[in-house]
Amino acid sequence: MAGGKVNNSPKILVFSTEKISDPAIDMAGLLKLHYPPTVYTIPVPCSSAIKPRWIMHALEQGFDGVFIAADGTDCPYGESCTTKTGEIVRETMEQLKEKGMDPARLKMAAICSVCSEPFVKHVKSFAEYLGKEKEVNAVE
Amino acid sequence: MKKKIGVYICHCGGNISDYVDVEKVRQAVENEGGVFLSKTTMFACADSNQKDMVSDIKEKQLDGVVVASCSPKLHLLTFRGVAERAGLNKYNYVHANIREQVSWAHSDNKTGATEKAIHIVKAAIAKVRNAESLEPVKVQSTKAVAVVGAGVAGMRAAIELAEAGAEVFLIEREFFVGGRVSQWDDLCITDETGKELITRLYDRVMQHKHVTLFTGAEIVENKGSVGNFEIKVKVTPRHFKLQCSGGELQKAIDVCPVEVPDEFNFNITKRKAIYHNYPSEYPQLPAIDMKTCTRCGKCEAVCNAVDFSQKTEYLNIKVGSILLATGFDPYEPPKGEFGYGEIDNVITLPQFKRVIHYNDKRLIWQGKEVKNIAYIYCVGSRQLNGDNKYCSRYCCTSTIHTAITAKNKYKGIHNFHFNRGIRTYGKAEVRYDESSRLGDVYLQSFEYDPPVVEARDGQTFVKIKDVLTANKELEVAADLVVLVTGMVPRKDNSIAGLLKVPKGRDKFFNEIHMKLRPVETVIDGVTIAGASQGPKNIMESMNSALSAATKSFSLIDSGELALEPTVAVVNKEACEWCGKCDEACPYSAFEKVEKDGKMIAKVIPSVCKGCGMCLPVCPSNALELIGLSDHDVESMIDVLIEKDTV
């Protein structure tokens, strides 16, 4: 993996949603709930709109992990969102396995518009997991 | 590709610059491809800076603008406006959030925060480099509104819309108007009856020449979108001629041999197949329920007004907006919940209200006089295990009001309220006070330890561990147990499927934003009012009805609508129609069309909501969302992953 600096926090790309999870991430900042600054966000209208190729692109270009902050059942575009986002995750994980990459580098959780604390908890534990993996890989 | 991008990095007083080295950010991005100008500013949103930006854009002929400041939820529209005022198409503006998602979130790590800000601003530059000018999708709109449901909310909205100058089609599925409110007698706090409210609203509806009321009617088809909905309305005949004399009518009802449970009285009484719910009901013309009528012909023989030749009609109507005010159903407890359906003196609150209506001097249920009444609160609301997690809002007030009514109307009534905390909020609090002074007894438990109803020795007992008396076990021998049932969505809510209106976790219709956009749905042009959106009392329903009417009217008033152009687009070369996008689209925004000898998908821009659900399902990657193309996303990713510069 690029860099090789063990004490570097892993880079995580978050796909947030404009109406639901992005406001929660904004509020995490407002509440000064800290998380690693190597977490970057790209907002999309709905988590069912994320193309697997974008996730693959991020992971192949050097992001250590991708986190989908999904709309869950709060999606303003309808009930099918949860299933559809799940399907995107499933398909991408297949692709990761085929390429011999760790499918756990992709993570998804439903983040409601006030779920700031759960968001921070999720990205922190995800960063911790990715950090350990990074360390193992660096040693190998 | 843009060559003259202006980048503005905001201090936000110190909100950003206390943690992010904004000058360092500026230096790091000034040599990015396409950047022509880069500045830091104390307050980007301040009037003076906005003016500076306008003159920069004009004088230096900027072709793209980035502001790195607070969340786009606060100021995206502000800076789009700046671009527009300077003559630059507003879609050439991209916003970078370096406050909520950088300086505040990482106030513990200044180096990290600065580094992140640099990456985010670079990503915004990468995106604006590729941005294109877009024009809003313009559609003509019809100055008419369909209001679905003629209860209090629907009628109030219809009157408001008609007075504002819209043509209104008020569509009621039942043969009579008034909805749930017509089923109530005295209302809290005014002591007017529900019927009186309905009469006043109905009179105004009928006086207004721009309101057309359909009863026995429902929308069965819907095409088009905001500004131009084409709906098909099915109107079921009531099989009565307009002129009908009271005497003959009563004879017709008397001879009808069919008896069915009367839903108007929540099935505690029976009615005939020919019916009206109460004598002065509107429209004042009875109806024949053809689902149960046996066509025996006895009514025709005694009443000239009966007319079986009337046929079901279908009307095609064009409207610019649809306002849904379809109301609620009372929660129906399953058999055995607190003895309901098993013990014969366990009834629901709506049933109890009708029992009071029919009993004048003495309160009689199943032939026995009632003295001790036990009310069990929160049945079907605030459920520990069921799906209904919400509070139904009206029930505490309604129960206490009804208990007082019973006490004042009949002698020797004792009320026992088995509650989980009383919520007679706002002006209704005086009723709680009144009931306490009248000697009503309040017993309380938590949701995990509800009261128990049991029948023994020919009597019904309600037992509770009362938290107000240190968990003492108390028991009441009740002549009548009233289950205080909450509100649930209409059993038949097929209209939501037809219009593709989303439902929330509670299965009621869902607004876009609970606080900021409370009566709009993601379906442009479809607004929601009253208890169709969630439990509401009459006052709250009126508030939402008036705001939904205003919102619907604002959409159709000008005759032309401008819609967001950020919709899905199809790559005509790559598309080989497979239909997967059509399946994934919640709004039916795709058409199958022929292009250069093959079938391909086409997006209808006025229907597409820009959600992007179609993007990942396309096997040939022929779909992109404007403003979120593969190029947009992947170039942002490439920039975000670049090595640190600090």
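The values are calculated or read from the model by the stated rules, or taken from the named source; none is laboratory data. The model shown is predicted, which means the values in this text are computed figures rather than measured ones. We place every Cβ from the backbone using ideal geometry, glycine too, and count neighbours over all the protein chains shown. Ligands, DNA and RNA are stripped out before the accessible areas are found, and what is left, the full protein with its side chains, is counted by its heavy atoms. Shrake-Rupley method; radii C 1.70, N 1.55, O 1.52, S 1.80 Å.
Points worth noting:
- Between the residues B:V355, B:S103, B:S494, the greatest Cα displacement towards the positive end of the dipole of chain B, with unit charges on the Cβ of Lys, Arg, Asp and Glu, is found for B:V355.
- Positive-end residue of B:N408, B:T114, B:A325, charge dipole of the protein assembly as shown with Cβ unit charges: B:N408
- Unit charges at the beta carbon, dipole of chain B: most positive-side option, B:L76, B:N277, B:F509: B:N277
- Within the shell defined by Cβ-Cβ distances under 12 Å, the residues around B:C396 carry a net charge of +4, with Lys and Arg each +1 and Asp and Glu each -1.
- Along region B:396-404 the Karplus relation, 6.51 cos²θ - 1.76 cosθ + 1.60 evaluated at θ = phi - 60°, assigns HN-Hα couplings of 4, 4, 4, 5, 5, 4, 5, 5, 5 Hz to successive residues, with x for each Gly and Pro.
- Which listed pairs, of B:K223/B:K592; A:K51/B:K223; B:K463/B:K507, have C-alpha distances above 21 Å, in listed order: A:K51/B:K223; B:K463/B:K507
- Cα gyration tensor category, rounded, prolate or oblate, for region B:399-457 with a/c compared to 1.5: oblate
- Loop trypsin sites (Lys or Arg not before Pro), region B:386-439 (other Cβ atoms within 10 Å of the site Cβ: 16 or fewer; DSSP): B:K389, B:K411
- Relative to the longest principal axis of the Cα atoms of chain B, the long axis of helix B:152-164 makes an angle of roughly 50 degrees.
- Of all lysines in the structure, those lying under 26 Å Cα to Cα from B:K209, and not within fewer than 8 positions of it along the same chain, are B:K143, B:K195, B:K232, B:K234, B:K241, B:K311, B:K318, B:K551.
- Measuring with a 1.4 angstrom probe and ignoring ligands and nucleic acids, A:K51 comes out at about 10 Å² accessible.
- Across chain A, the longest piece that holds none of the trypsin sites (Lys or Arg not before Pro) lying in DSSP loops with up to 13 other C-beta atoms within 10 Å covers A:33-98.
- Each Lys or Arg adds one and each Asp or Glu takes one away; over the other residues whose Cβ falls under 14 Å from the Cβ of B:V235, this sums to 0.
- Calculated from the alpha-carbon coordinates, region A:12-139 shows an Rg and a Dmax of 14.1, 46 Å respectively.
- Along chain B, longest interval not containing exposed chymotrypsin sites (Phe, Trp or Tyr not before Pro), exposed being DSSP loop plus at most 16 other Cβ atoms within 10 Å: B:44-307
- For region B:488-520, backbone nitrogen atoms closer than 11 Å to the point 7 Å from B:E332 Cα along Cα-to-C-beta are found at B:491-492.
- Heavy atoms of B:I125 accessible to a 1.4 Å probe, total area in Å² rounded to 10: 0 Å²
- Anchor A:K134: aspartates and glutamates whose Cα lies under 14 Å away (excluding residues fewer than 8 positions away in-chain): A:D64, A:D102
- Size of electric dipole in region B:44-89: Cβ of Lys, Arg +1 and of Asp, Glu -1, about Cα centre, debye, nearest 20: 140 debye
- Dipole magnitude for the protein assembly as shown: about 720 debye, using +1 per Lys or Arg Cβ and -1 per Asp or Glu Cβ, origin at the Cα centre.
- Compactness relative to 2.2 N^0.38 Å, alpha carbon Rg of region B:564-625: 0.99
- Gyration tensor verdict on region B:246-302 (Cα atoms; rounded if a/c is under 1.5, prolate if a/b is larger than b/c, oblate otherwise): oblate
- Average accessible surface for the protein assembly as shown: 44 Å² per residue, computed with a 1.4 Å probe over protein heavy atoms with every protein chain in place.
- Sparse packing (at most 16 other Cβ atoms within 10 Å of the Cβ) combined with a DSSP loop state is found for the following GluC sites (Glu not before Pro) in region B:54-160: B:E132.
- Aspartates and glutamates whose Cα lies under 16 Å from that of B:K595, excluding same-chain neighbours fewer than 8 positions away: B:E573, B:E576
- Expressed to the nearest 5 percent, the antiparallel share of DSSP beta bridges inside the protein assembly as shown is 45 percent.
- Per-residue ellipticity at 222 nm from helix content only, as computed over the protein assembly as shown with -39500 (n - 2.57) for each DSSP H run of at least four residues, stands at -9500 deg cm²/dmol.
- Cross-link table B:K24/B:K609; B:K73/B:K572; B:K4/B:K643; B:K138/B:K536; B:K270/B:K411; A:K107/B:K572, entries beyond 31 Å C-alpha to C-alpha: B:K24/B:K609; B:K73/B:K572; B:K138/B:K536; A:K107/B:K572
- For region B:1-89, the list of trypsin sites (Lys or Arg not before Pro) that fall in a loop by DSSP and count at most 16 other C-beta atoms within 10 angstrom reads B:K3, B:K4, B:K60.
- In this Cβ point-charge picture (+1 for Lys and Arg, -1 for Asp and Glu), region B:68-120 has a dipole of about 180 debye about its Cα centre.
- Ratio Rg/Rh, restricted to the protein assembly as shown and using Cα atoms, in which Rh is the Kirkwood radius: 1.04
- Accessible-area order (highest first, 1.4 angstrom probe) of the listed residues B:S48, A:S16: B:S48, A:S16
- 3J(HN,Hα) couplings calculated from phi for region B:75-88 with the Karplus curve 6.51 cos²θ - 1.76 cosθ + 1.60 (θ = phi - 60°) are, in sequence order, 10, 4, 5, 4, 7, 4, x, 4, 4, 4, 5, 8, x, 9 Hz; Gly and Pro show x.
- Environment charge of B:S38, counting only residues whose C-beta is closer than 10 Å and scoring Lys/Arg +1, Asp/Glu -1: 0
- Cα extents of chain B along the three principal axes, largest first (Å): 91, 68, 45
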